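Read-outs: derived from the displayed coordinates by stated rules, not from any lab. All figures in this text were calculated on a predicted structure; none of them were measured in a lab. Quick reminder, even Gly has a Cβ in these numbers, built from the backbone with ideal geometry, and neighbours come from all protein chains shown.
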Amino acid sequence: MTDTALPAASGAVQPNRRQTKLEPWQDPGEAPYVRIEGVSKTFGAFTAVDDVSLSIYRGELFSLLGGSGCGKTTLLRMLAGFEQPTAGHIYIDGVDMSEIPPYERPVNMMFQSYALFPHMTVEQNVAFGLHQDRVPGAEIRHRVTEALELVKLAPQRKRKPHQLSGGQRQRVALARSLVKRPKLLLLDEPLAALDRKLREETQFELVNIQEQVGITFVMVTHDQEEAMTMSSRIAVMDAGWIVQVGTPAEIYEYPQSRFVAEFIGQVNLFGGRVVEDAADHVVVAADAAGTEIEVSHAGSVPIGTRVHVAVRPEKMAIAKDPPADPRNAVQGTVDEIAYLGNASIYLIRLADGSMVRVTAPNVTRMTELPITWEDAVHVTWPAFAGVILQT
Ligand code: ATP
């Protein structure tokens, strides 16, 4: 077990993660801290995790993201040692975990339910694991104080769980996990019990704390916004498989499949066939929209290949006047407008009945917006906005 001291919380909010140097997964000299190699888990005839291989590096906040039943919790439980893989190996810090029981792994797991002891105070809850490990009293006091300061709960140390808010209970659970100084902290839907506003605030707090303590976090979530806000990298899972691994920006900007494009955020998908494959762009004749779509930086895709072009709604513009260039443009009528305050969502019905979604920031006041229901409009987007998907 490591004995790195936990630095005190700064209280500063730093949205998203700061990039200061070459990221470890881009550095060929960096050894992964957690290596999952060909891991599968079957329950009877059912395969919950199917031949998963992943490398997670020291200091990452790595998210396993996917819908219900995709196998993410099962994978987390195998890291903790609560489940044994049916096939494959898990290495933590270079050590094969096959024969290592949960309590001997350098790992702690924070459960969704927190499982706080209701009759104990905050500090007794946090100290509990250290008493069990027979840590000397003076050190327990020191480490508990440090952990409570880190999660900003020192003033509430004498309270019992029922005297705390949901967010405070979540922080007690976090302090209780961190006080044991694991090298790897596993978090199963850590913010699921919090309401939306508190969840957003706590996301930032968790990232700040993780950056301060430098412990590697692996988090399970089904909430794509949460994964996008907090993670160094995300593994998107579907039916026991990892379908894509990447930074939040890579996953959002360069999804490799329709599944990922649709799972992360909103997207417009145009089916079509490649009609031009040039050095710096590809042109797709879209079926339904009856338009040609140019995609820059698409790589080479042979002429005739059936593809989908994914375009994010915020990369599209909407206007009443026809564009000068007929490429990357579709026509339709405004079917719905949802006013969200900072932005509006427009649903545009095309001639074939399909819908295109456009998000436009509200830089002018709602009453001044020139576009309204039933208007005939043109939707356009630049060539760099599209992504070609072959699966
Ligand atoms: P959720 O977000 O709903 O918790 P998940 O992605 O975490 O979903 P898992 O808990 O990993 O999903 O479960 C994956 C699949 O394996 C599910 O279909 C589940 O029913 C099944 N499963 C999990 N544990 C067992 C078990 N002990 N016995 C049989 N089937 C199981």
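Here are a few things to note about the model shown:
- Size of segment 59-192: Rg and Dmax of its alpha carbons, in Å, are 15.9, 48.
- Largest-first principal axis extents, alpha carbons of segment 201-340, Å: 54, 39, 28
- q = 0.11 Å⁻¹: log10 I(q)/I(0) that the Debye formula gives for segment 25-258, counting C-alpha atoms only: -0.57
- Principal-axis analysis of the Cα atoms of the chain puts helix 137-150 at an angle of about 20° to the longest axis.
- Inter-centroid distance (Cα atoms) of segment 59-81 relative to segment 346-363, Å: 36 Å
- Value in Å of the Kirkwood radius, where segment 68-113 supplies the Cα pairs that are averaged: 11.3 Å
- Rough spin-label spacing in nm, given labels placed 7 Å along Cα→Cβ, for F82 and S98: 2.4 nm
- Taken one residue at a time, the phi angles of segment 325-339 give Karplus couplings (6.51, -1.76, 1.60, θ = phi - 60°) of 9, x, 6, 6, 8, 10, 10, x, 10, 6, 9, 9, 10, 10, 8 Hz. Gly and Pro are set to x.
- Computed from Cα atoms, the angle from the helix 122-132 axis to the main principal axis of the chain rounds to 60 degrees.
- Paramagnetic label zone (point 7 Å from Cα along Cα-to-C-beta, R159; backbone N under 16 Å) in segment 99-125: 116-125
- In segment 90-143, Rg over Rh equals 1.06, where Rg is the alpha-carbon radius of gyration and Rh the Kirkwood radius from pairwise Cα distances.
- Full-extension gain in nm, A338 to I371, via 0.36 nm per residue minus C-alpha separation: 10.6 nm
- Least to most buried among V267, V284, V49 (fewest other Cβ within 10 Å first): V267, V284, V49
- For the chain, the mean residue ellipticity at 222 nm estimated from helices alone is -6500 deg cm²/dmol, where every DSSP H run of n ≥ 4 contributes -39500 (n - 2.57) and the total is divided by all residues, rounded to the nearest 500.
- Antiparallel bridge percentage (DSSP; both residues within the chain; nearest 5): 75 percent
- In summary, the convex hull built on the alpha carbon positions of the chain has an orientation-averaged projected area of 23.8 nm².
- Among R349, R357, the order by Cβ neighbours within 10 angstrom, fewest to most, reads R349, R357.
- Principal axis analysis of the Cα atoms in segment 267-389 yields extents of 47, 26, 24 Å, listed in decreasing size.
- Cβ-based exposure ranking for M237, M228, M120, in which fewest neighbours within 10 Å come first: M120, M228, M237
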